[in-house]
Amino acid sequence: MPFARSWLGLVAASVIACLAAPSSAQEPSETDFEDQWVTGNLVFLAYHEVGHLLLDQVMKVDQQGNRLAAEQSADDIATWLISPDPEEEIESSEAVAAIGGWLVQADNGGDTPHPPDADLYPDAVTRAARIACLLLGSDESQPNAFAALEPIASLSFDLSDCRTAYEALDRSMEGVFGDADEIADNPVARVRVQYDAPSPVLADAHDFLVESRILDELGEDLVDYIGLPVDVLLRGASCGRDSPGFVYNPARREIVACYEEVDWFLFGDAAAGQAGAERETAAADGLGSRPRRIPPRQKPPSRPPR
Ligand SMILES: [Zn+2]
């Protein structure tokens, strides 16, 4: 898993050195740690799509009208939903894995998205820095529990703005969620989980997604914890060679976890992405989590009638 190792180099060196407390418990193996990294990144992408879902079904925002703002909001909502409490173990958290994931994407040229996606997404470094900045802003204690993330946040933001940015996000999220205590007795979300059969080349990605229970646990969170009247199918599926990561499709009311994305986090640029179909219906007309890594092909000119 070359990306997991890159992440360890990029983030863990600073984060773990500063945050990891010596533990008498059994040390997790490297495989556990890499699985945790992949899972953390996929959880962030899934919650990014939950952001699009909430913007669509609860906040009624026109996301196609301002994609850049919608993408940033979806990242912010994801960060707010998965941010670890300051007293939790931070270095293995999903939010920190996601910071590493975006830095790795930047390192791999993810900062120069292909048209027509170029203007729709914040650049990958800014996405990493913004998660870091919001986490810093979420903790008022001294020293800040997330202090190890300061160098990352300051890549794109003035650290003195992070508290204000978090407070604004927190106010807007509290407005959306209201009083969450009364949810458990009266579930209002309608959520189904489905895994489409994978092609043989994506079988490992399918199996990882199923075994990770990311979609199943997300479904439970939507019903028991998020507790808003959303209606959504959480679906594992192939999205084709120009997969947008994960995707929320408003018309179909579904969040698709693309097997190609799981495969990429597990194996890097393996054969799966290239071997897939050009574009599957699962990826059509949706709000993706990132720019496509492969530029879409031009449509062939239509043949004149004989
Ligand atoms: Zn998105």
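Beta carbons closer than 8 Å, at least 6 apart along the sequence or on distinct chains, pair a first residue in the range 60-79 that is touching a residue at least 40 places away in the same chain (Cβ under 8 Å) and farther than 15 Å from Pro250 by Cα with a second that is acidic (Asp, Glu) and more than 8 Å from the ligand (Cβ to nearest atom) for Leu68/Asp119.
Checked against (1) more than 12 Å from Val262 (Cα to Cα); (2) without any contact (Cβ under 8 Å) to a residue 24 or more places away in the chain; (3) acidic (Asp, Glu), Asp207 passes all but a single condition, namely (1). Within the range 46-57, residues that are of a type in the set (Ser, Thr, Tyr) sit with their Cβ atoms under 8 Å from residues that are within 11 Å of the ligand (Cβ to nearest atom) and at pLDDT 95 or above, at 6+ positions apart or across chains, in these pairs: Tyr47/Ile77; Tyr47/Ala78. Residues that are within 15 Å of the ligand (Cβ to nearest atom) and more than 19 Å from the chain's Cα centre (by Cα) were ranked within the range 65-100; the one that is surrounded by the fewest Cβ atoms within 10 Å (Cβ to Cβ) is Gly65. Checked against (1) in contact (Cβ under 8 Å) with a residue 60 or more places away in the chain; (2) buried (at least 19 other Cβ atoms within 10 Å of the Cβ); (3) of a type outside the set (S, T, N, Q); (4) within 19 Å of Asp75 (Cα to Cα), Phe157 passes all but condition (1).
Considering the range 202-275, the qualifying helices (runs of 4 or more DSSP H), each wholly inside and each with 1 or more residues that are surrounded by fewer than 21 Cβ atoms within 10 Å (Cβ to Cβ), modelled with pLDDT of 95 or more and out of contact with any helix residue (DSSP H, G or I) (no Cβ under 8 Å at 6 or more places or on another chain), run over 203-212, 214-221. Could you say whether any residue in the range 131-139 is in contact with a Cys (Cβ under 8 Å, 6 or more places away or on another chain), assigned to a helix (DSSP H, G or I) and either loosely packed, with under 14 Cβ neighbours inside 10 Å or at pLDDT below 95 (or both)? Within the range 131-139 (the criterion being in contact with a Cys (Cβ under 8 Å, 6 or more places away or on another chain), assigned to a helix (DSSP H, G or I) and either loosely packed, with under 14 Cβ neighbours inside 10 Å or at pLDDT below 95 (or both)), the answer is no, since none of the residues qualifies.
The values are calculated or read from the model by the stated rules, or taken from the named source; none is laboratory data. Because the structure is a prediction, the values reported are computed rather than measured. Positions of Cβ are generated from backbone atoms using ideal geometry, with glycine treated the same way; all protein chains shown enter the neighbour counts.
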